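Asks: What follows is a single structure, and I will ask about it in a moment.
The values are calculated or read from the model by the stated rules, or taken from the named source; none is laboratory data. Values in this document were obtained by computation on a predicted structure and should not be read as measured data. Cβ sites come from the backbone with ideal geometry, for glycine too, and all protein chains shown count toward neighbours.
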Amino acid sequence: MDYRTWPKAELHLHLEGSAEPETMCELDRGLDADAVRAMYRFSGFQGFIQAYKSVVERLRRPEDYAHITRALLARLAADNVQYAEITLSAGVVLWKGQEFAPVYNAVRQAAAESPVEVRWILDAVRHFGVEHAMQVAELAAARVNDGVAAFGIGGDESRGPAEWFGEVFRFAKKAGLRLTAHAGETMGPASVWAALEIGAERIGHGIRALDDPALMRHLCDRQIPLEVCITSNVVMGVVESIETHPVRRLFEGGVPITLNTDDPAIFATTLSNEYALAARQFGFAEAELCAIAENGFKYRFR
């Protein structure tokens, strides 16, 4: 089955983690592709954070962000991804001391040149704290009618518990933003519950929900989708092995899921590859994968 021909939507996709080695070399002539590939080899969540940091530190100008946006959208179009909600780490832009408006204007313009329909999710780094998150929420709120669909929190679940961000999420919701949160990736079901309690409408990853039958029932009954990223979870070691990944059990439990790449360059995958992996490794039938593909459009933030 050639999943590249399928119309697809992607809901969990980080712009910065989409920068391929060749693209990074175009931005920094002092690099070569082998050096970037070595940079992308890591172990565990903290290793991933260092690889991600190595990318964002080389995004020095708004044009650099525009460049990786154009490269990403060309690959998405070739993969027949028709709709994408791309997470832009506004919190990292602030952390680097850059002015956000020129960066956002650059990626917005680059996206306008693509046939892929794009909405943006502005992401705060949860372990940077509440004040930082509110700054990002304010940036998102100012652009709610200019391409930004949602506000979310990412980063280290253990060092930035969702309970901190109730006021920030209330502010974002009142501003007309949709709400998402990374949870249940490196931490257990309590992290997912906490994200839901502050208003998250979708959960990034959420695979540890399987450890809590009550949470599984809640997600199923409320039809709260999980943004599942199989390859990412395996590479980062948040599951013991590909064989133990819970994607099949989540699906059979009635929880709405979507398939996503997370950081496609860092994890060396595409959305079509994720569908092929689900079929090959977990026995998903064509009709089941069609339903998952439809979820990508059904649960988008528009």
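Asks: With respect to Ala137, is the statement that it is free of Cβ contacts under 8 Å to residues at least 60 places away in the same chain and under 17 Å from Gly204 (Cβ atoms) true? Show your work before the answer.
Replies: Details: free of Cβ contacts under 8 Å to residues at least 60 places away in the same chain: yes; under 17 Å from Gly204 (Cβ atoms): yes.
Yes; evaluated as a whole, the condition is true for this residue.
Asks: Taking segment 252-272, which residues are outside any loop (DSSP other than H, G, I, E, B), touching a helix residue (DSSP H, G or I) at 6+ places or on another chain (Cβ under 7 Å) and either more than 14 Å from Glu227 (Cα to Cα) or at pLDDT below 95 (or both)? Walk me through how you get there before you give the answer.
Replies: We begin by selecting, within segment 252-272, every residue outside any loop (DSSP other than H, G, I, E, B); these are 252, 257-259, 262, 271-272.
Imposing the further condition that a residue be touching a helix residue (DSSP H, G or I) at 6+ places or on another chain (Cβ under 7 Å) reduces the set to 257-259, 262, 272.
Selection gives Ser272 alone.
Asks: While we're here: Of all residues in segment 215-234, which are in a helix (DSSP H, G or I), surrounded by fewer than 23 Cβ atoms within 10 Å (Cβ to Cβ), aliphatic (A, V, I, L, M) and within 19 Å of the chain's Cα centre (by Cα)?
Replies: Val234
Asks: Could you list, in sequence order, all residues of segment 255-286 that are touching an Asp or Glu at 6+ places or on another chain (Cβ under 9 Å), without any contact (Cβ under 8 Å) to a residue 60 or more places away in the chain and surrounded by fewer than 19 Cβ atoms within 10 Å (Cβ to Cβ)?
Replies: Gln281
Asks: Could you please find all residues in segment 234-268 being touching a strand residue (DSSP E or B) at 6+ places or on another chain (Cβ under 7 Å) and polar (S, T, N, Q)?
Replies: Thr258, Asn260, Thr261
Asks: When you go through (1) among the basic types (Lys, Arg); (2) under 19 Å from the mean Cα position of the chain (by Cα); (3) surrounded by fewer than 23 Cβ atoms within 10 Å (Cβ to Cβ) one by one for Arg126, which number turns out not to apply?
Replies: The one condition Arg126 does not meet is (3).
Asks: Let me ask another. Tally up the residues in segment 49-93 that are farther than 24 Å from Arg29 by Cβ, crowded, with 18+ Cβ neighbours inside 10 Å and over 16 Å from the mean Cα position of the chain (by Cα), please.
Replies: 1
Asks: All but one of (1) within 30 Å of Asn295 (Cα to Cα); (2) at pLDDT below 95; (3) not small (Gly, Ala, Ser) hold for Pro115; state the number of the condition that does not hold.
Replies: (2)
Asks: I'd like to check something: does segment 21-29 contain any residue that is part of a helix (DSSP H, G or I), among the polar types (S, T, N, Q), within 23 Å of Glu10 (Cα to Cα) and under 20 Å from the mean Cα position of the chain (by Cα)? I'd like the intermediate steps shown before the answer.
Replies: From segment 21-29, those part of a helix (DSSP H, G or I) are 21-27; that's our starting set.
Now drop any that are not among the polar types (S, T, N, Q), which leaves 23.
Pick out the ones that are also within 23 Å of Glu10 (Cα to Cα) and you get 23.
Still in the running and under 20 Å from the mean Cα position of the chain (by Cα): 23.
Within segment 21-29, one or more residues are part of a helix (DSSP H, G or I), among the polar types (S, T, N, Q), within 23 Å of Glu10 (Cα to Cα) and under 20 Å from the mean Cα position of the chain (by Cα).
Asks: Another question, then. Counting only residues that are under 26 Å from Gln135 (Cα atoms) and of a type in the set (Asp, Glu), how many does segment 168-227 have?
Replies: Qualifying residue count for the region: 4.
Asks: Also, quick follow-up: If you check every pair at least six apart or on different chains, which have Cβ atoms under 8 Å apart with a residue in segment 80-94 that is without any contact (Cβ under 8 Å) to a residue 24 or more places away in the chain and closer than 11 Å to Leu122 by Cβ first and a residue that is part of a helix (DSSP H, G or I) and of a type in the set (A, V, I, L, M, F, W, C) second?
Replies: Listed pairs, sorted by first residue: Val93/Phe100; Val93/Val103.
Yes/no per residue for (1) at pLDDT below 95; (2) of a type outside the set (Ser, Thr, Tyr); (3) under 23 Å from Gly154 (Cβ atoms):
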{"residue": "Lys8", "(1), (2), (3)": "no, yes, yes"}
{"residue": "His14", "(1), (2), (3)": "no, yes, yes"}
{"residue": "Glu26", "(1), (2), (3)": "yes, yes, no"}
{"residue": "Arg29", "(1), (2), (3)": "yes, yes, no"}
{"residue": "Ala33", "(1), (2), (3)": "yes, yes, no"}
{"residue": "Phe48", "(1), (2), (3)": "yes, yes, yes"}
{"residue": "Arg75", "(1), (2), (3)": "no, yes, yes"}
{"residue": "Glu85", "(1), (2), (3)": "no, yes, yes"}
{"residue": "Asn105", "(1), (2), (3)": "no, yes, yes"}
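Asks: Let me ask you something else. Does any residue in segment 46-70 that is acidic (Asp, Glu) come within less than 7 Å, Cβ to Cβ, of a residue that is in a helix (DSSP H, G or I) six or more places away or on a different chain, and which pairs are these?
Replies: Pairs that qualify, where the first residue is acidic (Asp, Glu) and the partner is in a helix (DSSP H, G or I), are Glu63/Ala106; Asp64/Leu27.
Asks: If you take the residues in segment 43-92 that are small (Gly, Ala, Ser) and outside any helix (DSSP H, G or I), which one is farthest from Ile266 (Cα to Cα)?
Replies: Ala84
Asks: Just checking, which of Ala140, Ala106 is in a helix (DSSP H, G or I), in contact with a Phe, Trp or Tyr (Cβ under 9 Å, 6 or more places away or on another chain) and buried (at least 21 other Cβ atoms within 10 Å of the Cβ)? Full working, then the answer.
Replies: Details: Ala106 fails: buried (at least 21 other Cβ atoms within 10 Å of the Cβ).
Testing whether each residue is in a helix (DSSP H, G or I), in contact with a Phe, Trp or Tyr (Cβ under 9 Å, 6 or more places away or on another chain) and buried (at least 21 other Cβ atoms within 10 Å of the Cβ) leaves just Ala140.
Asks: Another question, then. Going residue by residue through segment 126-134, is there one that turns out to be more than 19 Å from Leu177 (Cβ to Cβ), outside any helix (DSSP H, G or I) and not aliphatic (A, V, I, L, M)?
Replies: yes
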